[in-house]
Amino acid sequence: MVNDQKMYDLIGIGVGPFNLSLAALLDGVPEVEGIFFEQREKFDWHPGMLIEGTKMQVPFLADLVTMADPTNPYSFLNYITEHNRMYHFYFLQRLEIPRREYNDYCQWAVNKLPSCQFGKRVVDVKHVREKDPYFEVEVLEVASGKKEKYRGKNLVIGSGSHPAMPMSFQGLPNEDVFHTAEFLDHQERCRSAKSITVVGSGQSAAEVFRELLKEQPDFGYRLDWLTRSSGFLSMEDTKLNLEHFSPDYVNYFYSLPEEEKEQIFSSQDLLYKGISAHTITDIYNLLYEYSVGAQPLNVGLQVLTEVHDIVKKAGGEGYELKCEQWQQEKPFTHESDVVIVGTGYRPFVPDFIHHLDDIIKWDENDQYKVRPDYRLYKKEDIPNEIYVHSAISKSHGVGSTNLGLAVHRNKVIINHLAKKEVYPLSNHNVFQNFGIPQSEADESTGNE
Ligand SMILES: Cc1cc2nc3c(=O)[nH]c(=O)nc-3n(C[C@H](O)[C@H](O)[C@H](O)COP(=O)(O)OP(=O)(O)OC[C@H]3O[C@@H](n4cnc5c(N)ncnc54)[C@H](O)[C@@H]3O)c2cc1C
């Protein structure tokens, strides 16, 4: 057991883009010293979905730092400069960069940040009540199995999300039935299959379907796409609606009554779910191309369909999907060799966080209770904070998993840690008003 006597101001759990942005923004803030642990051997952003041709769903400005400080050395433009690719990017004339490039950019930043330590899994945390209380964080060096202990005044949880796999799809051979998050790991299996079915209609499901459709002529498999939704609906990403991914909307949503938030959040599906228009266009154009000539399409797109269960075919290869077209209430069975599950992700709260239940306040659904500035509510007034990046959609709204707003969140967290405004925050960032400005509300009540 190796003990590090240093007292860090902040210990970070997980190094995905959210905590990596925090580490990069902290690099220029001498008042706050942080250390961040990541269990993976290296930074790799959703590796199973780094499909060639896929691009970011946000402009390159939503890099690790630019929305906080465009002059910060960890900016995407500085990465481009250091790689002598400014003219390449200049003539690309596109705001959205390839997903693979975003991953490479983050890896470039990681290599400059010794505060980010990889191959180290946080396995336990406890609050040590001394004159100056602190958190003791136990870290497992994944490769060696060695354990180390670190001390920190505050924690930030950036443990991200996990693929959400419905019960009915669990427990089946992973090489045949797997989540989109593992697509590239199983692409060879797909190429050797006679039939493949994609279930779900989010961006990941659409990207996987497009990739399989592109390769279908080379491998000849039957390809189907099933969704419970009423259609393969496009994401609502027109400019005024994108303003929901702004600090203004986060503050407005946070101010709403708790009991209304859940209903409002579930009515905003198409702001963050759905498929990007260009992905739908690519798919349609391919289908149109393949429909030229007499050859019938070896592709099926079925909406309004719930997959209730999936069983291995008796004595043979492949699976039977017990489905129902829920509008007609018509059950049917669909067969497939491979089933790719595109049912999204669920926030991941590590079990050991519950070792802090004596200080953390949870809500009635065992969810985090989060303050506007991303600190968890505590049962008692201790000088140690726990900031959270994930599982905050219910409190802070649709933008919680958005890369651009992660930088805003980090500005708020750093200003709170440094007890001064290191990164200026502005209230009016967008054209539309969500709430009624206080001043106008007062006037109207006055007139009556
Ligand atoms: C395929 C895909 C594409 C996306 N594209 C976009 C996009 O273009 N634009 C956008 O705004 N958003 C996008 N998102 C949404 C969101 O930005 C990402 O999910 C983003 O990765 C969230 O960052 P994170 O740091 O919270 O979590 P993650 O990237 O999930 O990272 C969390 C990290 O924590 C580590 N970890 C967990 N527990 C521990 C532990 N106990 N000890 C040490 N490490 C631990 C995990 O290994 C993981 O690396 C996308 C999501 C997906 C799945």
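The values are calculated or read from the model by the stated rules, or taken from the named source; none is laboratory data. As the structure is a prediction and not an experimental result, all values here were calculated from the model. Neighbour counts run over all protein chains shown; Cβ positions are idealised from the backbone, glycine included. The protein model used for the area step is the full one, side chains on, heavy atoms only, and it has no ligands, DNA or RNA in it. Shrake-Rupley method; radii C 1.70, N 1.55, O 1.52, S 1.80 Å.
Tell me which strands (runs of 3 or more DSSP E) are completely within the stretch 167-229 and hold 1 or more residues being among the hydrophobic types (A, V, I, L, M, F, W, C), touching a strand residue (DSSP E or B) at 6+ places or on another chain (Cβ under 7 Å) and within 22 Å of Asn285 (Cβ to Cβ), or say none if there are none.
Numbers: elements: 177-179, 195-199, 222-226.
Once the strands (runs of 3 or more DSSP E) in the stretch 167-229 are filtered for at least 1 residues that are among the hydrophobic types (A, V, I, L, M, F, W, C), touching a strand residue (DSSP E or B) at 6+ places or on another chain (Cβ under 7 Å) and within 22 Å of Asn285 (Cβ to Cβ), what remains is 195-199, 222-226.
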Worksheet item: Given (1) out of contact with any strand residue (DSSP E or B) (no Cβ under 8 Å at 6 or more places or on another chain); (2) in a strand (DSSP E or B), where does Val137 come up short, assuming only one miss?
Response: (1)
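Which of the following residues is open to solvent by less than 10 Å² (accessible area, probe 1.4 Å) and either basic (Lys, Arg) or over 17 Å from Lys120 (Cα atoms) (or both): Gly28, Gly48, Gly12?
Numbers: Gly28 fails: open to solvent by less than 10 Å² (accessible area, probe 1.4 Å); Gly12 fails: either basic (Lys, Arg) or over 17 Å from Lys120 (Cα atoms) (or both).
Answer to the check: Gly48.
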Discussion item. I'm told Ile353 meets every condition in (1) open to solvent by 30 Å² or more (accessible area, probe 1.4 Å); (2) within 14 Å of the ligand (Cβ to nearest atom) except one. Can you identify the failing condition by its number?
Written reply: (1)
Item to complete: Can you work out which of the residues in the stretch 356-397 that are part of a loop (DSSP other than H, G, I, E, B) and among the hydrophobic types (A, V, I, L, M, F, W, C) is farthest from the ligand (Cβ to nearest atom)?
Response: Ile382
Discussion item. Suppose we filter Val250, Val299 for residues that are buried (at least 17 other Cβ atoms within 10 Å of the Cβ) and more than 18 Å from Ser201 (Cβ to Cβ); which single one remains?
Written reply: Val250
Worksheet entry | Condition check for Ala68: more than 10 Å from the ligand (Cβ to nearest atom), under 21 Å from the mean Cα position of the chain (by Cα) and small (Gly, Ala, Ser) | yes
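Rundown of residues vs (1) in the same structural domain as Pro73 (by TED's automatic domain parsing); (2) touching a Ser or Thr at 6+ places or on another chain (Cβ under 6 Å); (3) more than 9 Å from the ligand (Cβ to nearest atom), yes/no style:
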{"residue": "Gly14", "(1), (2), (3)": "yes, yes, no"}
{"residue": "Phe18", "(1), (2), (3)": "yes, no, no"}
{"residue": "Ser21", "(1), (2), (3)": "yes, no, no"}
{"residue": "Ala24", "(1), (2), (3)": "yes, no, yes"}
{"residue": "Val29", "(1), (2), (3)": "yes, no, yes"}
{"residue": "Glu33", "(1), (2), (3)": "yes, no, yes"}
{"residue": "Phe37", "(1), (2), (3)": "yes, no, no"}
{"residue": "Trp45", "(1), (2), (3)": "yes, no, no"}
{"residue": "Gly48", "(1), (2), (3)": "yes, no, no"}
Worksheet, complete the sentence: Subset of the stretch 167-202, residues within 16 Å of the ligand (Cβ to nearest atom) and either at pLDDT below 95 or under 23 Å from Arg40 (Cβ atoms) (or both), comes to Phe178, His179, Thr180, Ala181, Glu182, Phe183, Leu184, Asp185, His186, Gln187
Fill in: Residue satisfying condition, being open to solvent by 80 Å² or more (accessible area, probe 1.4 Å), out of contact with any Leu (no Cβ under 8 Å at 6 or more places or on another chain), within 27 Å of Phe348 (Cβ to Cβ) and without any contact (Cβ under 8 Å) to a residue 12 or more places away in the chain, within set Gln93, Gln170
Gln170
Fill in: Single condition Cys190 does not satisfy, out of (1) over 19 Å from Pro347 (Cβ atoms); (2) of a type outside the set (A, V, I, L, M); (3) open to solvent by 30 Å² or more (accessible area, probe 1.4 Å)
(3)
Item to complete: With respect to Gly202, determine if the residue is in contact with a Lys or Arg (Cβ under 6 Å, 6 or more places away or on another chain) and buried (at least 21 other Cβ atoms within 10 Å of the Cβ).
Response: yes
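Residue-by-condition table, conditions (1) at pLDDT 95 or above; (2) farther than 22 Å from Asp132 by Cα; (3) outside the structural domain of Ser195 (by TED's automatic domain parsing):
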{"site": "Asn365", "(1), (2), (3)": "no, yes, yes"}
{"site": "Lys379", "(1), (2), (3)": "yes, no, yes"}
{"site": "Leu405", "(1), (2), (3)": "yes, yes, yes"}
{"site": "Asn410", "(1), (2), (3)": "yes, yes, yes"}
Worksheet item: Would the stretch 404-426 turn up any residue that is assigned to a loop (DSSP other than H, G, I, E, B), within 14 Å of the ligand (Cβ to nearest atom) and hydrophobic (A, V, I, L, M, F, W, C)?
Response: no
Worksheet item: Somewhere in the stretch 118-139, is a residue within 14 Å of the ligand (Cβ to nearest atom), farther than 29 Å from Asp381 by Cα and in contact with a Phe, Trp or Tyr (Cβ under 6 Å, 6 or more places away or on another chain)?
Response: yes
Fill in: Residue list for the stretch 286-305, restricted to those being in contact (Cβ under 8 Å) with a residue 40 or more places away in the chain and of a type in the set (A, V, I, L, M, F, W, C)
Leu286, Leu287, Val299, Leu301, Val303, Leu304
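Take Gln107 and tell me if it is in the same structural domain as Trp45 (by TED's automatic domain parsing), within 23 Å of the chain's Cα centre (by Cα) and under 24 Å from Leu184 (Cα atoms). Give the steps one after another, and end with the answer.
On the way: in the same structural domain as Trp45 (by TED's automatic domain parsing): yes; within 23 Å of the chain's Cα centre (by Cα): yes; under 24 Å from Leu184 (Cα atoms): yes.
When the stated conditions are applied, Gln107 passes them.
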Worksheet item: What number of residues in the stretch 34-45 are open to solvent by 80 Å² or more (accessible area, probe 1.4 Å) and among the charged types (D, E, K, R)?
Response: 3
Worksheet, complete the sentence: Within the stretch 140-166, residues being within 16 Å of the ligand (Cβ to nearest atom), within 24 Å of Ser390 (Cα to Cα), open to solvent by 20 Å² or more (accessible area, probe 1.4 Å) and in a loop (DSSP other than H, G, I, E, B) number 4
Worksheet item: Which condition breaks for Gly293 when tested against (1) under 25 Å from the mean Cα position of the chain (by Cα); (2) at pLDDT below 95?
Response: (1)
